[in-house]
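Asks: Can you keep this structure in mind? I'll have questions shortly.
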Amino acid sequence: MPEKIKVLAVDDEKFNLILLRGCLKSDMYDITGCTNAVDALQEFKKQYFDVLLLDVLMPGIDGFELRKLIREIDAERPIIFLTALVDDINTTMLNQISWDPYTYYLNKSFSKKLLSSKIEQAVGVHRSRKTADAYSRKLEDEMALAGDIQKILLPAWCVVDSKTMMGAYYAPSGKVSGDLYEFLHISGGKYLLFIGDIAGHGMQAALYMAAMQSVLKVIIARGNVTPHELLNHLNEFFCSELCANTYMTCLAAIIDFDANKISVQSAGHPGLIGCSRLKENTWRIGDDSRGGPPVGWFESTKYSPEDTTEATFPDDTLIVGYTDGLIDACTRDNQTMNESELFELIGVLSLSSDAATFPYRLGVSLGQLGYDQSPDDVCVVAVQKNTADGVTFHNKVILPKLSMVSSTAIEFAGIIQNTRNDMELATKIEILLYEYLNNVIIHGSEGTRGPREPIYVAMAVNEKEISVRGLDRGKVWDMAGSYQPAPQPLNEPTFGRGIQIIREITDHVTHGCYNGLNETVFSIKLG
Amino acid sequence: MKRKIMNYMDQALELEASDAKELLDMYIETLNEHCTKLEAAVAAADFNEIRRLTHSLTGCSGNVGAEEIVDAVRDVNSAAKIPSAEACSAAMIRLEELRLKLNE
């Protein structure tokens, strides 16, 4: 049985309301009548009506004015004007009726068939639109959930262990992405760096991405593999088991951070770039013309060891990989950056960035240069050796859980106590980290959805000061940029009592935000 | 004319016979009330009130398929738009004839 249609009829002439009630007397309609606009508005606020039948000329508030008031409450509820003004109809009146796309018109000398069909048309269109909107919202929610699941499948935005540091910027063009990356420890100093890009966008690409990301972990779990073996496994899975009607450009690199050696093979993917910050040198790792076709192009493809590039790299090298969404980023007048410009930009940025911040700062720099339109998914990954750079002597990535706060604060304070035998400084570091991490964990993810992002913390020291550097991907942790301590007036803290405490402890704080990555550096003078 | 209205309510509005009869009585009552008010408005040369009443009566009459009355009411409405009290009075004669006929 079709859903009953609730009608609100408004006409200052009672006779017309009684006639409408008689005319629409059936199980299909439920009619409420009002003889003036004020009563009608009250009824409209009280209960849901599928459609309104309005007279145009009424004393006091007329039909058009009543529609205006209704539209303030509901912009799309169908309204049918019933009027005897047909002979007087003119452009002004036609305009008044037709400016609203959810308004219909019927002359007063209608037949039941005409009236019923007009009501059913108006209500049908409205109900279909509501159903479509609800379905669209559901799809949007599901896409957002799929995006969250993708993030869980990927490594965290920052990975740090005793040998390496990796940072990744991952930006779907919509809610989900066809890009993937992986950074896995294999054995000893060996790590796998993998970057892939499923052709196409949206859910289809995202589903293939999820499959490839999962199978990649399985292949690595089986034991040591070389880049060409990995690509062969992936091609076989892609063509034989996934039977995908698309393909994936990708790049597999085995990096030995003990021996400073890299073996890399590309399957139609942009090559890796190496940057030595000490030598201020930027180079392509391997020859882009080597390697095989994208995974999934031909089932018969055999990736061979001859196409793998073997190279060495200096200790301070930052290795950068990316998907072609980065090159596709364009200006508002559709200009894209050429590869040599990108190469140069990567070199310059690497001088002042580490692997954690580099991918985010690259995005910011592209935006500053005007390349702020990204039609494609973008993924940038940077890795480096986690060696002491002369000043940084302790760093780690922590899960954003309150239970991690105390242990992290105590760990960093303990290092200060052990290395400098300075209890006061150790206490300051402990309180500083305690307040900073609590702020980021409690307030940083307010109102955000999806998996919570880990926080990177590093401590560095030189002759003059000790600094604690935090990187988080929560809301902008507002310390009002840089500030000097009292007696200069302090800005009002935006959240958390901890900010005031931090200002008492520290001598200087700087804050930067790069494409959703917050970098906060707290400095405490020594001596 | 009553039969014509009853036919309209039966065929176009698909009303049940008992409802149609009741509505016809109500329509005649509404017509009588409006005509009384119209007479007074014409006598007072209150053209705004004439236009309001004739618009209302056109709607009611159109709804029950009383075409002759619709035509007569529109004549009064047109006269009020001139605006001419004399023309209104002249047009009212035809409306009054039809009203009496319907009340028979």
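Asks: Pick from region B:41-58 the residues that are within 13 Å of chain A (Cβ to nearest Cβ) and over 25 Å from B:Asp19 (Cβ atoms): which of them is surrounded by the most Cβ atoms within 10 Å (Cβ to Cβ)?
Replies: Checked region B:41-58; the qualifying residue surrounded by the most Cβ atoms within 10 Å (Cβ to Cβ) is B:Thr54.
Asks: Related question: Would a scan of region A:225-238 turn up a residue that is in a loop (DSSP other than H, G, I, E, B) and aromatic (Phe, Trp, Tyr)?
Replies: No, the conditions are met nowhere in region A:225-238.
Asks: Residue under question is B:Asp19, and the condition is that it be of a type outside the set (Phe, Trp, Tyr) and free of Cβ contacts under 8 Å to residues at least 12 places away in the same chain; does it hold?
Replies: Taking the combined requirement at face value, the residue satisfies it.
Asks: Go through (1) closer than 24 Å to A:Lys464 by Cα; (2) over 30 Å from the mean Cα position of the chain (by Cα) and name the single condition A:Tyr434 misses.
Replies: The single condition A:Tyr434 does not satisfy is (2).
Asks: Could you give me the residue pairs with C-beta distances under 6 Å whose first residue belongs to region A:179-201 and is farther than 12 Å from A:Ala267 by Cβ and without any contact (Cβ under 8 Å) to a residue 60 or more places away in the chain, whose second residue is polar (S, T, N, Q) and surrounded by fewer than 24 Cβ atoms within 10 Å (Cβ to Cβ) wherever it lies, and which are 6+ apart or on separate chains?
Replies: Close Cβ pairs satisfying both conditions: A:Gly200/A:Thr246.
Asks: Without any contact (Cβ under 8 Å) to a residue 24 or more places away in the chain and not aromatic (Phe, Trp, Tyr), is that true of A:Gln368?
Replies: Yes, satisfied.
Asks: Does region A:310-320 contain at least one residue that is at pLDDT 90 or above, touching a His at 6+ places or on another chain (Cβ under 6 Å) and either under 30 Å from A:Ile431 (Cα atoms) or surrounded by 20 or more Cβ atoms within 10 Å (Cβ to Cβ) (or both)?
Replies: no
Asks: Quick one: would you say A:Thr164 is more than 14 Å from every other protein chain (Cβ to nearest Cβ) and buried (at least 16 other Cβ atoms within 10 Å of the Cβ)?
Replies: Against the criterion (more than 14 Å from every other protein chain (Cβ to nearest Cβ) and buried (at least 16 other Cβ atoms within 10 Å of the Cβ)), A:Thr164 qualifies.
Asks: From the list B:Leu38, B:Leu15, pick out the single residue that is hydrophobic (A, V, I, L, M, F, W, C) and within 11 Å of another protein chain (Cβ to nearest Cβ).
Replies: B:Leu15 is the lone residue from the list that is hydrophobic (A, V, I, L, M, F, W, C) and within 11 Å of another protein chain (Cβ to nearest Cβ).
Asks: Yes or no: region B:86-97 includes at least one residue that is buried (at least 16 other Cβ atoms within 10 Å of the Cβ), within 15 Å of the chain's Cα centre (by Cα) and within 12 Å of chain A (Cβ to nearest Cβ).
Replies: no
Asks: How many residues are within 14 Å of chain B (Cβ to nearest Cβ) and surrounded by fewer than 19 Cβ atoms within 10 Å (Cβ to Cβ) if we restrict to region A:1-17?
Replies: 1
Asks: Continuing with the same structure: Pairs needed: first member in region B:59-70, more than 8 Å from chain A (Cβ to nearest Cβ); second member anywhere, assigned to a helix (DSSP H, G or I) and polar (S, T, N, Q); C-beta distance under 7 Å; at least 6 residues apart or different chains.
Replies: Matching pairs, first to second residue: B:Ile69/B:Ser61.
Asks: Let me ask something additional. Does region A:420-435 contain any residue that is on the phi > 0 side of the Ramachandran plot and of a type in the set (S, T, N, Q)?
Replies: yes
Asks: Let me ask something additional. Could you tell me which of the residues A:Ile152, A:Ile97 is of a type in the set (Val, Ile, Thr), in contact (Cβ under 8 Å) with a residue 24 or more places away in the chain and more than 14 Å from every other protein chain (Cβ to nearest Cβ)?
Replies: A:Ile152
Asks: If I filter region A:30-45 for residues that are over 29 Å from B:Ile28 (Cα atoms), of a type in the set (A, V, I, L, M) and within 14 Å of chain B (Cβ to nearest Cβ), do I get at least one hit?
Replies: No, region A:30-45 has no match at all.
Asks: Here are A:Ser111, A:Ser136, A:Ser117: which of them is polar (S, T, N, Q) and more than 14 Å from chain B (Cβ to nearest Cβ)?
Replies: A:Ser136
Asks: Taking into account only those residues within region A:46-102 that are modelled with pLDDT of 80 or more and acidic (Asp, Glu), which is surrounded by the most Cβ atoms within 10 Å (Cβ to Cβ)?
Replies: Across region A:46-102, the extreme among qualifying residues is A:Asp55.
The values are calculated or read from the model by the stated rules, or taken from the named source; none is laboratory data. If you're wondering where the values come from, they're calculated on a predicted model, not measured in any experiment. Every residue, glycine among them, receives a Cβ derived from its backbone with ideal geometry; neighbour counts consider all protein chains shown.
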